[in-house]
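The values are calculated or read from the model by the stated rules, or taken from the named source; none is laboratory data. Note that the coordinates shown come from a computational prediction; the quantities given were computed from them, not determined experimentally. Here the Cβ is made from the backbone with ideal geometry for all residues, glycine too, and neighbour counts use every protein chain on show. To get the accessible areas, we keep the full protein, side chains included, count just its heavy atoms, and leave off ligands, DNA and RNA. Shrake-Rupley method; radii C 1.70, N 1.55, O 1.52, S 1.80 Å.
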Amino acid sequence: MDRHDKEIIPGEILPVVIIGNGPSGICLSYLLSGYTPYMSPGASHPNPLLHSKLREQPHLSLLEQDLEYLCEGLEGRSSNPVAVLFDSLLLPDSDFGLDRSSPLEWRYEPERAVPHLVLGKGPPGGAWHAMEGSMLTLSLANWMELPGLKLKDWMREKRRNVRNDRATPAEIASYYQHYVSRMSLQHNFACGTTVTSVTRQPGDQGAESPPCWRVTGMQRREGEELGDGSAVSEEAPFSMLAHNVVLATGTHDIPARLGVEGESLPHVCHSFWELEAAIARGELDQSSDPVLVVGAGLTAADAVLAARHLNTPVYHAFRRSVNDPGLIFNQLPKLLYPEYHKVHQMMTQQQYEPDPPSQDRHAQNLHDPSSLPPLSSSSSSSSSTSTSSSSYPGYLSFPRYRVAAFRPDRKCVLESDSGRRTVVQISKALVLIGAHPNLSFLDDNGRTLGVNPEEPITCRRNPVEVDPFTNEVAGAAGPGLYAMGPLVGENFVRFLKGGALAIASDLAKTQRGRRRDDAGGAEVFIGSGLVDV
């Protein structure tokens, strides 16, 4: 099962189907496989109130305790209370730079296991397998790990010297794939699957079958082997029923767009990987016209760094002020993230500041934009386009500017908050302003499930609305639909694990209720399916 190619058995009714095999789905699979967290005897937690609560019923696992009660009074860097709780238990005081041991101990209790299936398009690890392999992750290495396997220990097995507390995406992807094998979770994973529909299935009163969810899609399988040893890949449809479905797809599938004129021109890109491909083809160097990077997130910063590495000039446009507290660079410790601090320095020190125009000229510029002189990577900007002598030649930032239009002649019209327009000549444009999840398998792309049902689902602005202590979706067509990870606003692995705890706890309560009622003809879990007794 090394290839995680479990075939989906038609007609089997599963207790849980998880859509998405990234770290969210992997962590939930771990908890549903019988791995159970307890407060370790003799251990203590630095938060005296939480420590006192955990000592009230030490014989109960974390899955059996009242999570809402445990969450009371806790504060952290997530808006989801269970995420703050679980992070506090797995990484006590980590926000203070301390490396305290967790007071939790993990026990393997197979009798608690809930049969489930994890569906994913590629190998376990999800989007991490598509990320650029040399950049360092934003989070510290121990923040990226999953319960039961220390990432640093695994990294030391892979390379002799671990010089940095951060890992590359390639290492993280390999770690997640290894984690599934190490924890013997392979039989729960069906890779090569694309879900096309999730719908509510009405119950059959005559057969005493309760309502559930139908999940349909396609599964890629290796077909007939050719003479050269390769195999023809073929797709087969599947359809299954599940009492519970967990949305764990992440939000990196569909790049966000500006919605401006010319955005579909071939020189306008919407992913970092398109920049990498252009670099690999030798299309960019120090003699190229500037690359325009649009956005003020970490991916945009990575693009700036990649272009600067080639000595390719860069124009950098973003909607916020450089001092905006919501800007991610103003939230990162400088010592831990020196490369991003450098980009923020560039954004601050190399700002475009044109000479103040007269009122008449300002009005004229709305119709006839002024053009910016060429930007060279080997010469300093003029005083009219920079706040200081150039410490970073070949770079110019445009704070509080937006793109008004892209033109076929590779000119781009930028517009400031005040309405002043400027034209820049570019070689390529990289629009890196976030992404939307692919929820095409849900009605209206899942829009009705968001906090604002009128807007598309996004991680930051409009996450899926869930119960804060169970992660059950508030606007679902019926019970048993859950969401976790970036879909509910958790972009960091250290916090998405809380969603796994909330869902596993809620499912465990349901399972205990069914066991108590089994004498009355209720459903009980047997083997890998759900049957009536």
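Pairs needed: first member in segment 340-368, among the β-branched types (Val, Ile, Thr); second member anywhere, at pLDDT below 65; C-beta distance under 7 Å; at least 6 residues apart or different chains.
none
Only residues in segment 286-304 that are touching a residue at least 40 places away in the same chain (Cβ under 8 Å) and closer than 15 Å to Tyr352 by Cβ count as the first member; pair them with residues that are open to solvent by 10 Å² or more (accessible area, probe 1.4 Å) and aliphatic (A, V, I, L, M), Cβ under 7 angstrom, at least 6 apart or cross-chain, and list the lot.
Cβ pairs passing all conditions: Pro290/Leu375; Val293/Leu432; Val294/Leu432; Val294/Ile433.
Could you list, in sequence order, all residues of segment 40-67 that are over 13 Å from Leu89 (Cα atoms) and among the basic types (Lys, Arg)?
Arg55 - this is the single residue of segment 40-67 that is over 13 Å from Leu89 (Cα atoms) and among the basic types (Lys, Arg).
Go through segment 52-95 and count every residue that is in contact (Cβ under 8 Å) with a residue 60 or more places away in the chain, open to solvent by less than 30 Å² (accessible area, probe 1.4 Å) and not in a loop (DSSP other than H, G, I, E, B).
12
Looking at segment 278-323 only, could you name the residues that are of a type in the set (Phe, Trp, Tyr) and either part of a loop (DSSP other than H, G, I, E, B) or touching a Gly at 6+ places or on another chain (Cβ under 9 Å) (or both)?
Phe318 - this is the single residue of segment 278-323 that is of a type in the set (Phe, Trp, Tyr) and either part of a loop (DSSP other than H, G, I, E, B) or touching a Gly at 6+ places or on another chain (Cβ under 9 Å) (or both).
Which condition number does Cys269 fail, the rest of (1) under 22 Å from Gly22 (Cα atoms); (2) at pLDDT 90 or above being met?
The single condition Cys269 does not satisfy is (1).
Only residues that are out of contact with any strand residue (DSSP E or B) (no Cβ under 8 Å at 6 or more places or on another chain), part of a loop (DSSP other than H, G, I, E, B) and either open to solvent by 20 Å² or more (accessible area, probe 1.4 Å) or at pLDDT 95 or above (or both): list them for segment 383-419, please.
Ser388, Ser389, Ser390, Ser391, Tyr392, Pro393, Pro408, Asp409, Ser418
Against the condition open to solvent by less than 20 Å² (accessible area, probe 1.4 Å) and modelled with pLDDT under 85, how does Thr312 come out, does it pass?
No: the conditions fail for Thr312.
Out of all the residues in segment 434-447, is one or more touching a Cys at 6+ places or on another chain (Cβ under 6 Å) and within 23 Å of Arg320 (Cα to Cα)?
Within segment 434-447, none of the residues are touching a Cys at 6+ places or on another chain (Cβ under 6 Å) and within 23 Å of Arg320 (Cα to Cα).
Could you go through segment 321-339 and let me know if any residue there is open to solvent by less than 70 Å² (accessible area, probe 1.4 Å) and under 25 Å from Arg410 (Cβ atoms).
The answer is no, given that none of the residues of segment 321-339 is open to solvent by less than 70 Å² (accessible area, probe 1.4 Å) and under 25 Å from Arg410 (Cβ atoms).
Just to verify a result, which residue in segment 237-263, among those that are at pLDDT below 90 and assigned to a strand (DSSP E or B), is most open to solvent (accessible area, probe 1.4 Å)?
Top of the filtered list is Ile254.
Taking helices (runs of 4 or more DSSP H) that fall entirely within segment 120-192, which contain at least 3 residues that are modelled with pLDDT of 80 or more?
Ranges flagged: 169-182.
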